[in-house]
């Protein structure tokens, strides 16, 4: 039977004869190991509050989507709301946000807009952004629940493929820009049977964000957001915008469902993929095939059901991640 050699036997004879030198070298060896570990491990930790330098947050709102794009010290854009007001409030408090420059609603599924009325009633909201396929009747119904409580009605903006917008929408210094890659203005170009759940998924606003740093220690952060987009619509986006898609962060489409496909992941080439998903959900999200593909591509992946809220900032040494658990 072979025996594993002891560390002492692996050291040169002169080291074994000089205990002081041996221990000094052991300390040096340990320091080198620790340094290598720090250098190769993603900067990832958890805390009770979001870091002061966050630029993007994916909120843990259960089985739904809600994300924050940093605009100021305590203001942000809310991209989708989830349908759990208390969960959304927890994320806003974690992020230190008390004012919304805009609420962007990607499409007409309640796990993406269900807490919109609560957001309007609870925080100052300056603007609302939707696609042409988010029915005005639906918005009127949602806003009607709180209209008497509002000091002013938020301005409504409709965006479609080819649009570009800078935030804040006032004359202040632009902190974030968004290029709208989907949906197209022609309903017949949207895959799926009209008014089906699949068709609604494919009306999702797909936006490529460029988020400016708040201080000189950060760099611009690029994020591609996808709503509940399915694979067939993703192929059209790849055809039209392939070379413009690469981004540091990808919001994985449709909570990582199998139908979202993997082609968009390949085209975006993200350093980080975030998955908004509820723990133990009945849909089987995220699908194992999507998670296995992300792992095979060696893309760092964080999930709200496992890590909670996910805060991201971009620095010259890479992405910094902080989670709430």
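Between 189, 212, 178, the distinction of being surrounded by 12 or more Cβ atoms within 10 Å (Cβ to Cβ) and over 19 Å from the mean Cα position of the chain (by Cα) belongs to 189 only.
Looking only at residues in segment 293-316 that are in contact (Cβ under 8 Å) with a residue 60 or more places away in the chain and surrounded by fewer than 18 Cβ atoms within 10 Å (Cβ to Cβ), the one that is farthest from residue 87 (Cα to Cα) is 316.
Per-residue answers, yes or no, for (1) assigned to a helix (DSSP H, G or I); (2) out of contact with any helix residue (DSSP H, G or I) (no Cβ under 9 Å at 6 or more places or on another chain); (3) assigned by TED's automatic domain parsing to the domain that holds residue 74; (4) more than 21 Å from residue 109 (Cα to Cα):
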site	(1), (2), (3), (4)
142	yes, no, yes, no
160	no, yes, yes, no
192	no, no, yes, no
198	yes, no, yes, no
246	no, no, yes, yes
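Test residue 237 against the stated conditions and say whether it is surrounded by 17 or more Cβ atoms within 10 Å (Cβ to Cβ), assigned by TED's automatic domain parsing to the domain that holds residue 203 and farther than 21 Å from residue 63 by Cα. When the stated conditions are applied, residue 237 passes them.
Quick check on residue 284: is it surrounded by fewer than 21 Cβ atoms within 10 Å (Cβ to Cβ) and not in a helix (DSSP H, G or I)? Spelling it out, residue 284 is indeed surrounded by fewer than 21 Cβ atoms within 10 Å (Cβ to Cβ) and not in a helix (DSSP H, G or I). Residue count for segment 52-72, restricted to those that are touching a residue at least 40 places away in the same chain (Cβ under 8 Å), out of contact with any helix residue (DSSP H, G or I) (no Cβ under 8 Å at 6 or more places or on another chain) and surrounded by fewer than 23 Cβ atoms within 10 Å (Cβ to Cβ): 2. Check segment 95-103 and report whether any residue there is on the phi > 0 side of the Ramachandran plot and either outside any strand (DSSP E or B) or crowded, with 21+ Cβ neighbours inside 10 Å (or both). The answer is yes, given that some residue of segment 95-103 is on the phi > 0 side of the Ramachandran plot and either outside any strand (DSSP E or B) or crowded, with 21+ Cβ neighbours inside 10 Å (or both).
The values are calculated or read from the model by the stated rules, or taken from the named source; none is laboratory data. Note that the coordinates shown come from a computational prediction; the quantities given were computed from them, not determined experimentally. Note that we place each Cβ from the backbone using ideal geometry, even for glycine, and neighbour counts take in every protein chain shown.
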